[in-house]
Amino acid sequence: MGNQVEKLTHLSYKEVPTADPTGVDRDDGPRIGVSYIFSNDDEDVEPQPPPQRPNGGSLPDGGDGPPLPQPQPYDPRLHEVECSVFYRDECIYQKSFTPGSAALSTYTPENLLNKCKPGDLVEFVSQAQYPHWAVYVGNFQVVHLHRLEVSNSFLTDASQGRRGRVVNDLYRYKPLSPGAVVRNALAHVGAKERELSWRNSESFAAWCRYGKREFKIGGELRIGKQPYRLQIQLSAQRSHTLEFQSLEDLIMEKRRNDQIGRAAVLQELAMHLHPAEPDEGDSNLARTTPPPGRPPAPSSEEEDGEAVAH
């Protein structure tokens with residue numbers, strides 16, 4: 001079975017039957033988490049197009065036309081999605097914008113260096129881009145998965161001009177020692193393409209810090225029930241929950257939400273999902289009604305094993 005899962009990660013869409021013989025999936029109800037078995041390294045920064053005139057022409061360097069508007073400072077509360085991740089009944093990840101919280105404050109790359117210690121996880125963020133994760137290994141350097149290769153770069157270069165923050169506390173797994181985190185990261189420098197066991201920079205960096213196989217490609221079988229839940233906070237009183245068969249798939253969806261932005265996620269949910277009204281007396285949560293016949297996930301605990309670097 002392990003070989004079959006490995007093979008799945010390299011199939012093309014033509015080799016896999018769709019849910020409908022016509023190739024069209026009907027949107028009959030709430031979305032259950034999808035499997036991202038073909039995506040890889042989804043976060044390369046695309047070059048920005050030159051500024052355009054209102055009639056479609058480019059503005060010459062230092063040329064005519066009204067000045068371009070100044071870019072707005074990055075605000076996580078405007079661009080990012082507040083969410084929690086559960087494995088069965090255990091919360092394993094949480095991004096919260098509680099009043100007064102400075103945990104998600106961002107810094108310029110130069111100021112971020114003053115806050116980093118070896119073994120820290122660093123996240124670089126920017127509007128309309130996938131977040132980029134890296135492991136700080138000391139001496140102003142990080143190890144990160146970028147463009148299908150694990151690289152050792154200076155933090156300022158890896159940021160590509162984006163603001164960043166230390167994100168050790170987003171995942172709630174027990175971390176390895178700082179030395180083990182750094183060794184995990186450095187041991188894979190130079191790995192590329194088919195040698196990789198991770199789909200994106202977040203999965204690689206999180207594996208380095210926590211050593212859990214769930215962050216790797218094919219680390220879990222996508223069969224049976226969906227033990228993972230992504231709870232998206234719609235407002236102070238309402239949330240929506242998506243279910244996934246693997247942490248790998250859930251991370252891909254969570255990253256897609258960060259890339260398209262909070263406003264687009266809320267609009268997408270409003271258009272395509274139909275959350276049920278909360279029961280009387282339950283003002284804290286609005287859930288989408290699960291498909292008929294889906295039994296509740298059992299409440300057994302996750303095996304707390306730690307992988308080591310190979």
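The values are calculated or read from the model by the stated rules, or taken from the named source; none is laboratory data. Because the structure is predicted, anything quoted here is derived from the model rather than measured. FYI the Cβ positions are ideal-geometry reconstructions off the backbone, even for glycines, and counts take in every protein chain you see. Quick note on the areas: whole protein, heavy atoms, side chains included, nothing else; ligands and nucleic acids left out. Shrake-Rupley method; radii C 1.70, N 1.55, O 1.52, S 1.80 Å.
So the values come out like this:
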read-out	value
Residue check for residue 225: under 19 Å from residue 92 (Cα atoms) and modelled with pLDDT of 95 or more	no
Residues satisfying the stated conditions in segment 80-128, i.e. among the polar types (S, T, N, Q), outside any strand (DSSP E or B) and surrounded by fewer than 18 Cβ atoms within 10 Å (Cβ to Cβ)	96, 98, 101, 105, 108, 111, 114, 127
Test result for residue 213, within 18 Å of the chain's Cα centre (by Cα), modelled with pLDDT of 95 or more, closer than 25 Å to residue 80 by Cα and open to solvent by 40 Å² or more (accessible area, probe 1.4 Å)	no
Enumeration of residues in segment 140-151 that are closer than 17 Å to residue 117 by Cα and open to solvent by 70 Å² or more (accessible area, probe 1.4 Å)	140
Residue match in segment 148-170 (condition: in contact with a Phe, Trp or Tyr (Cβ under 6 Å, 6 or more places away or on another chain), basic (Lys, Arg) and under 25 Å from residue 93 (Cα atoms))	yes
Boolean, residue 235 is part of a strand (DSSP E or B), hydroxyl-bearing (Ser, Thr, Tyr) and over 19 Å from residue 255 (Cβ atoms)	no
Which listed residue, of 215, 244, is in contact with a strand residue (DSSP E or B) (Cβ under 6 Å, 6 or more places away or on another chain) and of a type in the set (Phe, Trp, Tyr)	244
Residue list for segment 161-175, filter: of a type in the set (A, V, I, L, M) and open to solvent by 30 Å² or more (accessible area, probe 1.4 Å)	166
Tally of residues being under 25 Å from residue 270 (Cα atoms), among the charged types (D, E, K, R) and out of contact with any strand residue (DSSP E or B) (no Cβ under 7 Å at 6 or more places or on another chain) across segment 218-241	1
Those residues of segment 177-188 which are open to solvent by 30 Å² or more (accessible area, probe 1.4 Å) and either farther than 11 Å from residue 119 by Cβ or part of a loop (DSSP other than H, G, I, E, B) (or both), in sequence order	177, 186, 187
Considering residues of segment 189-203 that are in contact with a strand residue (DSSP E or B) (Cβ under 6 Å, 6 or more places away or on another chain) and within 12 Å of residue 135 (Cα to Cα) only, the residue surrounded by the fewest Cβ atoms within 10 Å (Cβ to Cβ)	189
Subset of segment 229-252 (residues that are open to solvent by 10 Å² or more (accessible area, probe 1.4 Å) and more than 28 Å from residue 216 (Cβ to Cβ))	233, 234, 235, 236, 237, 238
Hits in segment 207-223 - residues which are under 23 Å from residue 178 (Cβ atoms) and not charged (D, E, K, R)	207, 208, 210, 211, 215
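Yes or no, residue by residue, for (1) open to solvent by less than 60 Å² (accessible area, probe 1.4 Å); (2) modelled with pLDDT under 95; (3) not in a loop (DSSP other than H, G, I, E, B):
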residue: 256; (1), (2), (3): yes, no, yes
residue: 266; (1), (2), (3): yes, yes, yes
residue: 270; (1), (2), (3): no, yes, yes
residue: 278; (1), (2), (3): yes, yes, no
residue: 287; (1), (2), (3): no, yes, no
residue: 305; (1), (2), (3): yes, yes, no
residue: 310; (1), (2), (3): no, yes, no
